[in-house]
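> Provided herewith is a single structure, encoded as structure tokens, for subsequent inquiry.
The values are calculated or read from the model by the stated rules, or taken from the named source; none is laboratory data. Since the structure is predicted, the reported quantities are computational estimates derived from the model, not experimental observations. Reconstructed Cβ throughout: ideal geometry from the backbone, glycine too, with neighbour counts over all protein chains shown.
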Amino acid sequence: MRKGSKPRGAVANDAQALACTCAHLADERKAEQIVVLNVGRLAFFTDYFVIATGRNERQIKAIADEIRLRMKALGQPVLGVEGRPESGWVLIDLGDAVVHLFNPETRGVYDLELLWGEAPRTPWQKAKALSPAPPRRRRS
């Protein structure tokens, strides 16, 4: 490996790792059309958007619940949650990343990929998801 090159599956920074982890979690709950956008140079409030589609209210709720639970396990604060599955859009603010979960109709109306079209897409599929640190062993 050349000096300065990243191994396959490596991420550039913690914000990217957080966003890619959220994408993996959405994928585990069978979300569709998952996109990670690097909006850091375009937005002052976050570095990444994770956009995913759930087919129905129950699936959107399951994806949102999974992301919130796993972020808690990672020690990542959830700064806010807006919207409800019934509205067709749930937003989870993690600071460095904002997750947008849509139903298909609402995603088409807001079309965040078009609105933030200058933001480069980040390949998340081969990035390793963050995992909680193992518990510390007590010394005897």
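> For GLN125, all conditions in the list (1) within 14 Å of the chain's Cα centre (by Cα); (2) modelled with pLDDT of 95 or more hold save one; what is the number of the exception?
The single condition GLN125 does not satisfy is (2).
> So which residues in region 43-75 are β-branched (Val, Ile, Thr) and either in contact (Cβ under 8 Å) with a residue 40 or more places away in the chain or touching a Phe, Trp or Tyr at 6+ places or on another chain (Cβ under 7 Å) (or both)? Before you say what the answer is, go through the steps one by one.
Residues of region 43-75 β-branched (Val, Ile, Thr): 46, 50-51, 53, 60, 63, 67.
Hits for region 43-75 are THR46, VAL50, ILE51, THR53, ILE60, ILE67.
> Here's something else I'd like to know. Condition check: touching a strand residue (DSSP E or B) at 6+ places or on another chain (Cβ under 7 Å), at negative phi and either not hydrophobic (A, V, I, L, M, F, W, C) or not in a helix (DSSP H, G or I) (or both). Does ALA52 satisfy that?
Values: touching a strand residue (DSSP E or B) at 6+ places or on another chain (Cβ under 7 Å): yes; at negative phi: yes; either not hydrophobic (A, V, I, L, M, F, W, C) or not in a helix (DSSP H, G or I) (or both): yes.
So ALA52 fits the description; yes.
> Which condition number in (1) modelled with pLDDT of 95 or more; (2) more than 14 Å from ALA26 (Cα to Cα); (3) of a type in the set (Asp, Glu); (4) assigned to a helix (DSSP H, G or I) is the one that GLU86 fails?
Unmet condition: (1).
> Still on this structure: Taking the conditions exactly as written (more than 19 Å from ASP27 (Cα to Cα), assigned to a loop (DSSP other than H, G, I, E, B) and free of Cβ contacts under 8 Å to residues at least 24 places away in the same chain), does VAL78 satisfy them or not?
Working: more than 19 Å from ASP27 (Cα to Cα): yes; assigned to a loop (DSSP other than H, G, I, E, B): yes; free of Cβ contacts under 8 Å to residues at least 24 places away in the same chain: yes.
In short, yes.
> What tally of residues in region 89-112 results from selecting those that are touching a residue at least 24 places away in the same chain (Cβ under 8 Å) and out of contact with any strand residue (DSSP E or B) (no Cβ under 6 Å at 6 or more places or on another chain)?
Filtering region 89-112 for residues touching a residue at least 24 places away in the same chain (Cβ under 8 Å) gives 90, 92-104, 107, 112.
Filter again for out of contact with any strand residue (DSSP E or B) (no Cβ under 6 Å at 6 or more places or on another chain), leaving 94-96, 103.
Count: 4.
> Among the residues of region 103-113, is there at least one that is acidic (Asp, Glu), farther than 21 Å from ILE60 by Cβ, out of contact with any Cys (no Cβ under 8 Å at 6 or more places or on another chain) and outside any helix (DSSP H, G or I)?
Within region 103-113, the subset acidic (Asp, Glu) is 105, 111, 113.
This time we only want the ones that are farther than 21 Å from ILE60 by Cβ, so: none.
No - not one qualifying residue is present in region 103-113.
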